[in-house]
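S.K.: Provided herewith is a single structure, encoded as structure tokens, for subsequent inquiry.
The values are calculated or read from the model by the stated rules, or taken from the named source; none is laboratory data. Model, not experiment: these values are computed from the prediction. Here the Cβ is made from the backbone with ideal geometry for all residues, glycine too, and neighbour counts use every protein chain on show. Heavy atoms of the whole protein, side chains included, go into the accessibility calculation; ligands, DNA and RNA do not. Shrake-Rupley method; radii C 1.70, N 1.55, O 1.52, S 1.80 Å.
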Amino acid sequence: MVVNQNGVCITQKQEPRLCLVQPLIDLEKNVMIIKAEGMDPISVSLEEDSERQTPVCQSKVCSHRVQTYSCGDRLAAWFSEFLGRQSYLIRQCSDFQRNAKQTHEKGEMPVTAASLSLVNEAQYLLINQESVLQLSDQITARLGESLPLQKLIHRFRANIVISTNEPFEEDKWDEIAIGRLHFKVMGPCHRCLVICIDQQTGERNKEFLQSLASTKDRKTNFGIYLMNHPERPFPIPSTLSVGSQVLAVEKNITHSLSPEEQQSG
């Protein structure tokens with residue numbers, strides 16, 4: 001996570017240029033490679049340094065305090081140069097645990113809290129391509145021009161993208177299985193101005209949030225938060241694959257969508 005000199009998370013709302021930073025994971029070398037236009041690539045180890053000399057500090061993620069430590073002066077200088085302000089790359093201490101907030105509908109039993117890293121709300125974020133297509137129609141009508149589907153999908157920064165028969169089916173789901181992996185739905189994702197930022201250029205356009213609100217009766221929910229299902233642990237190894245079948249559970253009614261109709265990626 002990138003923070004300022006006070007340890008507060010820097011997001012795209014304050015620094016849209018963050019969308020131009022490209023992190024790549026190299027599992028063979030066990031490093032994360034960070035790239036950005038005009039900057040030399042830089043890497044950071046994925047392993048925690050047990051002999052680190054950097055002191056542990058408190059940082060904030062959406063008003064929640066987390067125990068972190070700096071990834072070092074070299075990474076801090078890289079981000080400070082790119083953003084033009086004092087910045088640091090930090091990582092969460094392995095012995096610190098933060099749990100997601102869980103909201104429940106009336107009559108529902110609470111589920112086991114999901115353990116989080118340096119993310120806002122949940123372990124995963126899922127969006128539906130059919131929902132994006134319906135939103136795209138609204139945006140096209142407002143802007144007078146069509147947008148490539150993939151560029152619009154990127155604005156929502158999801159971990160998992162699926163395709164169903166109808167838009168916004170995902171809003172009614174309680175849990176899902178993708179292939180052999182099972183997830184519990186934690187609730188809707190409430191969108192902010194970050195979806196107004198073109199993830200390839202960093203340019204803003206408020207029409208996107210306004211179009212979303214007009215599509216969903218003034219609501220700005222789009223996509224759903226997921227957590228690992230507490231009662232159905234992942235098999236080992238666990239892999240999500242493009243083309244996996246999705247099985248959704250809605251109000252005690254289970255329905256399966258064929259592989260031709262649903263994809264995850």
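S.K.: Could you let me know the centre-to-centre spacing of region 25-45 and region 189-206, using Cα atoms, in angstrom?
M.R.: Centre-to-centre distance over Cα atoms comes out at 25 Å.
S.K.: What is the calculated FRET efficiency for Arg142 to Glu250, with r their C-beta to C-beta distance and R₀ = 41 Å, to the nearest 0.05?
M.R.: 0.85
S.K.: Here is a follow-up. For region 174-201, list residues with backbone N below 17 Å from a point placed 7 Å from the Cα of Arg218 toward its Cβ?
M.R.: Within reach of a label on Arg218: 191.
S.K.: I'd like the carbon and sulfur percentage of the solvent accessible area for region 124-174, probe radius 1.4 Å, heavy atoms only, ligands and nucleic acids excluded.
M.R.: Carbon and sulfur: 43 percent of the exposed surface of region 124-174.
S.K.: Hey, another quick one. Which links in Lys184/Lys219; Lys184/Lys206; Lys151/Lys216; Lys13/Lys35 stretch past 29 Å when you go from one Cα to the other?
M.R.: Lys184/Lys206
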